[in-house]
Structure formats: structure tokens, C-alpha cells
1. Please go through segment 438-468 and write out the trypsin sites (Lys or Arg not before Pro) that DSSP classes as loop and that have at most 15 other C-beta atoms within 10 Å.
2. If you bin every alpha carbon distance in segment 24-101 into 5 Å steps from zero, what whole percent lands in each bin?
3. Going through the cross-link list 421/532; 413/528; 380/413; 68/232; 335/413; 183/269, which pairs have a Cα-Cα distance over 25 Å in this structure?
4. Under a Cβ-only charge scheme (Lys and Arg +1, Asp and Glu -1), can you give me the dipole magnitude of the chain about the Cα centre, in debye to the nearest 20?
5. Under 14 Å from a point 7 Å along the Cα-to-Cβ line of residue 454: which residues of segment 514-533 have their amide N that close?
6. Which listed residue (285, 328, 355) has the Cα farthest towards the positive end of the charge dipole for segment 280-380, taking +1 on Lys and Arg C-beta and -1 on Asp and Glu C-beta about the Cα centre?
7. Using the alpha-carbon atoms, what tilt in degrees (0 to 90, nearest 10) does helix 521-532 show relative to the longest principal axis of the chain?
8. Any chance you could tell me what percent of the C-alpha pair distances in segment 160-279 go past 24 Å?
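Derivation of every value follows stated rules applied to the coordinates shown; laboratory data play no part. It should be emphasised that the depicted structure is a prediction, and the values quoted were computed from it without experimental measurement. No Cβ is skipped: glycine too gets one built from the backbone with ideal geometry, and neighbour counts run over all protein chains shown.
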Amino acid sequence: MAKCNVDAIAGAELLSRFQAYLTGEEEEQVKERFTGLCFYETFGRRDYRECCCTKCEQTFSVEKDEDKDFFKAHHNDYVTCPACREEVQLKSLGRIRNFSNLRETIPAVFLRADKEGALLISAGLATRKIPGWNDLTPWVDWTEKARYYLAPGRVMGWKRSIDYYFGMIMGPQPWTQMKNICKPFQNNPYRCLTDHYWLFGLEALERSKFRYCQINEWYRDVVGCWLEEDNKVRLCIEFLAEYALHPQMELAVKLGLTDAVTDLCEGKKNHQDLNWQADKPWDFFRLSKADAKAFLAAPSLTLLHWIHEEQRAGAELLVRDMIRLWSSFGGAQAKKLASCTLRCKVSPQKAERYVLSVLGPIAQDQAAELWYDYLDMAGKLGYDLNREDVLMPKDLRARHDAAAQTIQAEEDKKQSKAYAKRLEELRKKYEFELDGLRVVVPENARQIVEEGRILKHCVGGYAGRHIQGKTTILFLRRSRRPERSYVTIEMTGAGQTDIMQIHGYRNEHYRGGISPRDQYEHFLSVWKGWLKAGSRRDRQGRPVLPQEQKAGVA
């Protein structure tokens, strides 16, 4: 946030320049932003209405024969005012008990310019009030919350709190100086307040020293609409305050670096990439004159950050080559391609030609990443990286997949070795067979992943945790087809003897799907009873049930 740099004595004089109330023109501008109301009374045989509209502040009568659509609408319906043709909400005077319920408050910010070209910004709450049945003319009550004085090189702000009583504005407190320019409004769901506001008086910029600040162009790039079209404006006061101290923002917006300007307004100056005190474009970007010229062909804060990162790391790539890769492949792919270029010790042009040559079965947004991953795996596998056909294979996809399979096989082998002792313990504890069903312990992580793929549920994500002993995954199979995926079990409890979840194909989310808990209730009950009794086995390794019934046990 911009730091206030005016002392208290000068600040008191500047504070006295502000007007306490809205001008007649400003009040009319605010009224346009309130919801239009059309009060009415129906007379005769409901074929005649006396109306008063808050939009145009006209009193008029409407007969049913003249406007039948208007008569079809009733209290709280939205219609087009017959007098001003604006959208308004109908309000029947016979149904209104308290006009205070019709109050409407909007956060508003007004820009004003003084004779010296400085900006006097006033922020507060504008409340529309309607006196009552005898006077339906709306008037605006203005309660100021913050004031800002902005001039080239000079920034000052004042704020004051507002007292509320049951959601109603009661009165403001004395002004206090800000240390840093802060938002005029804060998010407050309790009072239905946000940090957005309506912005009025944009024409004052043309009469001030901020006429070239590019605030409207910046806002359109960031939000997608012009300032005068938006009722949820934010960061504009911060923009103007920063511009008072950093006129380089005009150049940044014109060059398309709106994200850098937005960061500055939010308190992030990106000092490592930008010099907001610089007078020349190349100094502003912290680049040489030649590099800045190349950068301006496709300016981007993310690209600039990458360039400076590489320069600080002592990278060998030229800035123009980095910009070319960025323009051709985009951010993430350009970084990976640059890494491949340095690893293979080839020119960026040759690396680009190679990537384009293998694009056949590979999408452009994947080619650089595929090459990067392949080189990383090739280094781990000890490939001869001095050979060009190894560094830049013509069949990149096939070589990548082969390397991935080799690494996966080695990882599986390491996991299996570490998992061997746990596997034996799990088999002794859990493996069980009864009534044509069999509990099987996974032999490795790949089996769990494959189980999830075949049964189309999420058990594959538990493979690593199972191998590490953080959870226990088991398979329930049919005895005649123990290799075929059927039902998956996850255990829980102090001794891992209770079932946390048990699911089959698609978690039974299909027509006719039955929960395995219900379908195999008897089997699961006998198996859990055996588990909790200590998983006893006979000399042949067969389960010994707690009861005398051993029929069906293999």
C-alpha cells in the first residue's frame, strides 16, 4: 500500500479543502444508482392508478386501457415506468407500514479535482431516504468514511469510524490520519458490506494531473468492463495513490503489464523484477537496452520473473532465446524446454526443431514436458548422455515409456523388498477362506492400483499408505477365481480388525448394486470373529474358528 508522506500540520490544511456534503449534481448521480421505486394507489374499479416514480421524480396517472401490462403487475413486481421508461419496483402505498424499510445504502467514492490539479477523493455511504406518505421525493443522506488527497509525489489519507445501532448509521467519529493508504470499505457480512463501491466523478481526472494515468484501460484489462459500467469497483483508490508516487504505472499499463500494476495496488512491488523509480523502460525492467527491446515484443510479468531467475542462477541462455521459447511454447513448456536445451548442450533453435519434429503423436503442450521427463529418467538410469540419439531420440514417446517402466519396475522391486516382512505378517493375520470366498493380501502397490482401475473406485490412491503400513488394504475374491478383482476392503480399529469400508465395482453406484456388507454379512461376521480371536491356525496353516464348526474351511 502507498505510504502517506504529508505531515500532520500540512495534512490539517489539506483536510480543510474537502467539502462535507455532496453537490446537487453528485446527489443526482447517486440517485441513479438506487433501485427505482414506483409508488401507486389504485382507484375506481381498479382501472386507474396514481403513481409517483423515484427515478424521474414525476407524479402521473395511468389508466388500465392505456397500459394493460402495467396493471398486471402488483406490489414488489418489477415493471417499466410509463413516464421515464426505466425499470422500477412497484410499491403499493396501501401495503407500506414503515418507510424506513425502504432505505437503501450504497458505498460510493467521489473524485474531485482542485485548482492545482490534485485529486480530492471522498468515500462514504450514501443512503436514500423517503420522508413518508405526504412526500415521496427521495433525498440522499451522505456519511463520509474516508478522504484522500493525491498529488504527484504527495499522498495523504484520513479515516473515521461510523457508529451503527441495529444496522442503522448513527454518526461518524473524528478524522484520524492514515499511515498507509487503505481501503475505504471492508468486508463485513454482518452489516452486508463489501469492499466494493460505486465510483463517481471520473471526469475530474481530465482536469487533474492524473489525466494520463491509464486507470480506465487498466481496469478494463483486469475486470473486463469500463469503470463507469461497474457497480463493484475496487482497488481504484489504491491505483491512483500508487500512481501519485510511481508514474511509471502509465508505461506498465500501455505495455500490457496490468498484472504488475495490480500487484502494486495490492502491496506487492515485485522489486526483483521491476524498478518503480526508473526513468527509462530498460531500467524499469532491470534489463539491458537490447534485452528490453526483445522483451517488449511479448511483455509478461511471469516471463520477466523467469528471465531474472535464470540470470541470477547464471544461466547460459540469451534473453532473446528465452523470449522466443516463451512465445512459441508458453510458460511451463518454455521453462522445461530451456532446461532440456542446457542439458543437451544444443542451441534453442535446434531444441525447438527437435520438439516440433516429434509432434506427430504428441501434442505441442506435452512435447517439451515429455522430453524433460525422459532426460530426467535417462539420467537416473545411467544412459549415455553423450550420444545425441540418446539425448534426442526420434521415437521419444516409446523411449519415454520404456524408461518409465524400467524405473517403475525398480521402485516396485525396492518396495517389495521393504514390504516382504509386512506381507508375511498380513497373510498370517488376514488370509481366510470360507464358503467359496477368500480374503487375499495384495503382494505389491501395483496390484492395489490395478484393483482400483478394474473396479473403478479410488483404492489406487491408498497403495503407498498400505505399503508403508499406514492403512491396510485387502481383496475379497472368489475361491475359484482368486486372480480376478471382485471386492476391496480397508481395515480400521486399534488392531486393524474392523472394516472401515468395503466396496465392489463402482462402489455399487449402478442399478441393482448391493452393498458387500449386506451381501456377505455371514462371511464377514465369521472372518471378523476369527480375527478378533487372534487369527488362530492349525499346523497346516488353516484358520481355526472360535466355534466348533469348521465346515467349509479350506
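1. Working: sites: 438, 446, 453, 456, 465; in loops: 456.
Hits after loop and neighbour filter: 456.
2. P(r) over segment 24-101, rounded to whole percents: 3, 15, 26, 26, 16, 8, 4, 1, 0.
3. On the way: 421/532 22 Å; 413/528 32 Å; 380/413 16 Å; 68/232 36 Å; 335/413 33 Å; 183/269 18 Å.
413/528; 68/232; 335/413, as the Cα separations exceed 25 Å there.
4. Details: 84 positive and 77 negative charges, 579 e Å.
Approximately 2780 debye in magnitude.
5. none
6. Checked the options; the winner is 285.
7. 80
8. On the way: 2539 of 7140 pairs.
Distances greater than 24 Å cover 36 percent of the Cα pairs.
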